[in-house]
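The values are calculated or read from the model by the stated rules, or taken from the named source; none is laboratory data. Being a predicted model, the structure only gives us computed values, none of them experimental. Cβ placement follows ideal geometry from the backbone for every residue including glycine, while neighbour counts extend to all protein chains displayed.
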Amino acid sequence: GQQLNQSPQSMFIQEGEDVSMNCTSSSIFNTWLWYKQDPGEGPVLLIALYKAGELTSNGRLTAQFGITRKDSFLNISASIPSDVGIYFCAGQLERGSTLGRLYFGRGTQLTVWP
Amino acid sequence: DTEVTQTPKHLVMGMTNKKSLKCEQHMGHRAMYWYKQKAKKPPELMFVYSYEKLSINESVPSRFSPECPNSSLLNLHLHALQPEDSALYLCASSQDLLQPQHFGDGTRLSIL
């Protein structure tokens, strides 16, 4: 199956700092997605990216679909305590047998100190 | 609040019990999914339904039996589970198989 390498595995930052995490793949994806998961809840979709080079923002979050279609990054500016959680990247293909399948990164655990 | 509703939120069952997990969405989505998630790991795909037909079964043991009675409902029937089946079971839905998936908050399942 497709392997996604997500880094860093964990981050400990001070409130107000900016955060950057990324995902790389050995294969090309058609769609990149970023999710956040809080304890005891399901993953929440943050940003969806559909085109190589696309840069999309959602409030303090900015994500980009890499030009090679093999990577994506997520930036969080001016972090706040409620940004704490696990962030997952996911890639999606559009070919036959893979339709509907998301390939997830292993997650980035973010801790924000006040 | 998530628009994908899962019940129950928590379930404790013995290895000989039969129970069902329920998932409901009213967004008009035609694709629905079951995932299993262990602590601090990404979700693992179990089943995919598209237009109420099973399109992916990720070689899931037969003690898990999915059912899609209509376009808004997805069930997961459980029978004779093992302790290693204890996990968070997530349901997701999307407009179709190409669109982003939206997750419910899951059912926390514990097998005694």
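Listing for the model above:
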quantity	calculated
Residue match in segment B:88-105 (condition: crowded, with 17+ Cβ neighbours inside 10 Å and either more than 21 Å from A:ALA90 (Cα to Cα) or away from chain A (no Cβ under 13 Å) (or both))	no
Members of segment B:40-68 found to be part of a loop (DSSP other than H, G, I, E, B) and either modelled with pLDDT under 95 or within 10 Å of chain A (Cβ to nearest Cβ) (or both), listed by number	B:LYS40, B:LYS41, B:PRO42, B:PRO43, B:GLU58, B:SER59
Residues of segment A:57-100 that turn out to be free of Cβ contacts under 8 Å to residues at least 40 places away in the same chain, closer than 21 Å to B:SER94 by Cβ and either among the aromatic types (Phe, Trp, Tyr) or surrounded by 19 or more Cβ atoms within 10 Å (Cβ to Cβ) (or both), as a count	3
Segment A:18-44: number of residues that are out of contact with any strand residue (DSSP E or B) (no Cβ under 6 Å at 6 or more places or on another chain) and either under 17 Å from B:TYR33 (Cα atoms) or among the acidic types (Asp, Glu) (or both)	2
Residue list for segment B:2-39, filter: farther than 24 Å from A:GLY107 by Cα and assigned to a loop (DSSP other than H, G, I, E, B)	B:PRO8, B:GLY14, B:MET15, B:THR16, B:ASN17, B:HIS26, B:MET27, B:GLY28, B:HIS29, B:ARG30
The lone exception for A:ILE47 - which of (1) farther than 24 Å from B:TYR35 by Cα; (2) crowded, with 16+ Cβ neighbours inside 10 Å; (3) under 15 Å from the mean Cα position of the chain (by Cα) it fails	(1)
Residue match in segment B:13-28 (condition: facing chain A (nearest Cβ under 9 Å) and at pLDDT 95 or above)	no
